[in-house]
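Below is one structure, written out as structure tokens; comments come after it.
Only the coordinates and a few stated rules stand behind these numbers; no lab work does. Note that the coordinates shown come from a computational prediction; the quantities given were computed from them, not determined experimentally. All Cβ positions, glycine included, derive from the backbone under ideal geometry; neighbour counts span all protein chains shown.
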Ligand code: PEP
Ligand code: MN
């Protein structure tokens, strides 16, 4: 911690601050400048009481932490990239994985038709919500367990790995039984008890960024997963709320290099929730791949106009193979496969 004192404070006022720093278990180092004094307090900020409240003292101008609040997700803890194994696939390695499928699982025909089409175009994983977090209680809430069974059936028939959302702690075991990756949605990304329950299933976790979540909060939410002994975490950027109305959310592609710098864990980009517009999905995928994303999560539907959720942002079975083809030069340019 760095504690900056106000100009012209008396010796006794300075001594009182030094005493408090020592009392809380830190060793103070005083640096006297021309105009003001700065104190470096040495000690582990994660295991000692915070010095942040010193800012309320009249002789203190500011208190700045220098240690990061997250540990296990940080690159400092693990300098090399880490990878997440999902069945026979490795996310975070050379291959860029595409997770594709409908926003919601609606019917056997809809899911199987989509699964076969995305597999033929090169996707390795099938997405589909069985439990849907809808803004209104009157909107389609998902098929629930029936949806999970359909996902398992699609996995059996196509060999695709499955990713689906977990909404409630009570359903952690049930969802883990059917899925290969547990998705924690944007509306739940700081539901810490849910994160703990999901982590404890041992399944890989894809953690969406919350609608108005700072990157530090997202990293700290991820820390809950690793702190609960599950190293298999994927961060997923899906757009944040801004003042812009041309897109549903503002897809923050800057998170790709930021997460890569701050963390050793893979980053996934979801351009579908990110833009809310099917016509922008291909361009956003190209940008994401060029910037170093490890995987893409894309909504695909056989008939987007009649989708039971998120119709405007789902690409059709005809557009998806085009997307995969157009992505190839970007994948090669990024040195990936
Ligand atoms: C989804 O993937 O369909 C979804 C609901 O995502 P998010 O939590 O990012 O809104
Ligand atoms: Mn959706």
TODO: Express as a percent, rounded to the nearest 5, the fraction of DSSP beta bridges in the chain (both residues included) that run antiparallel.
DONE: 40 percent
Task: Cα extents of the range 209-252 along the three principal axes, largest first (Å) - done: 41, 15, 10
Task: Taking N as its residue count, the alpha carbon Rg of the range 131-189 over 2.2 N^0.38 Å - done: 1.13
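Would you calculate the convex hull of the Cα atoms in the range 148-237 and tell me its volume per residue in Å³?
Working: hull volume 7.5 nm³, N = 90.
Output value, Cα hull per residue: 83 Å³.
Could you estimate the translational diffusion coefficient of the range 292-337 from the Stokes-Einstein equation, with Rh from the Kirkwood formula over C-alpha pairs, at 37 °C and 0.692 mPa s, in whole µm²/s?
Numbers: Rh = 11.9 Å.
The calculation lands on 276 µm²/s.
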Task: Residue list for the range 161-197, given a label point 7 angstrom along the Cα-to-Cβ vector of residue 145 and an amide N cut-off under 19 Å - done: 164-180
Open item on the list: Could you tell me how many cubic angstrom of Cα convex hull volume the range 243-337 has per residue?
Closed with: 103 Å³
- [ ] Report the calculated FRET efficiency for residue 23 and residue 138 (r = Cβ-Cβ distance, R0 = 51 Å), to the nearest 0.05.
- [x] 0.35
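Taking every pair of alpha-carbon atoms in the range 175-288, give the share separated by more than 26 Å as a whole percent. Don't skip to the end; give the middle numbers.
Values: 1137 of 6441 pairs.
Here the tail beyond 26 Å accounts for 18 percent of pairs.
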- [ ] Assuming 1.002 mPa s and 20 °C, estimate D for the chain with Stokes-Einstein, Rh taken as the Kirkwood radius over Cα pairs, in µm²/s.
- [x] 99 µm²/s
- [ ] First measure r as the distance between the Cβ atoms of residue 62 and residue 11, then evaluate 1/(1 + (r/R0)^6) with R0 = 25 Å and state the FRET efficiency to the nearest 0.05.
- [x] 0.75
Open item on the list: If I stretch the segment between residue 193 and residue 316 completely, what's the gain in nm (0.36 nm per residue apart, minus their alpha carbon distance), one decimal?
Closed with: 40.6 nm
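Can you tell me the alpha carbon radius of gyration of the range 57-177 divided by the globular rule-of-thumb value 2.2 N^0.38 Å?
Working: Rg = 20.2 Å, N = 121, 2.2 N^0.38 = 13.6 Å.
The range 57-177 yields a ratio of 1.49.
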Task: Rounded to 10°, Cα long-axis angle of helix 319-333 versus longest principal axis of the chain - done: 50 degrees
TODO: Work out the FRET efficiency for residue 55 and residue 244 from their Cβ-Cβ distance, taking R0 = 35 Å, and round it to the nearest 0.05.
DONE: 0.50
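When the convex hull of the Cα atoms of the range 8-84 is projected onto a plane and the area is averaged over all directions, what value comes out in nm²? The partial results should precede the final answer.
Numbers: hull surface 26.7 nm².
Computing the convex hull of the Cα atoms and averaging its projections yields 6.7 nm².
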Task: Virtual spin-label span in nm between residue 30 and residue 173, 7 Å along Cα→Cβ - done: 6.1 nm
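Pulled fully out, how much extra length does the chain show between residue 157 and residue 258, if you take 0.36 nm times their separation in residues and subtract their Cα-Cα distance? Mind showing how you got there, number by number?
Values: separation 101, 0.36 × 101 = 36.36 nm, distance 3.81 nm.
Fully extending the segment from residue 157 to residue 258 adds 32.5 nm.
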TODO: Rounded to the nearest Å, what's the spacing between the alpha carbon centres of the range 213-237 and the range 36-74? Just the number, please.
DONE: 23 Å
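Out of every Cα pair in the range 3-134, what percent are spaced more than 24 Å from each other?
Numbers: 5052 of 8646 pairs.
When every Cα pair of the range 3-134 is considered, 58 percent fall beyond 24 Å.
What is the Cα radius of gyration of the range 95-252 over 2.2 N^0.38 Å, N being its residue count?
In units of the globular-protein estimate, the range 95-252 measures up at 1.02.
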Open item on the list: Looking at the chain as a GNM with Cα springs under 10 Å, which of 213, 291, 31 has the largest mean-square fluctuation?
Closed with: 31
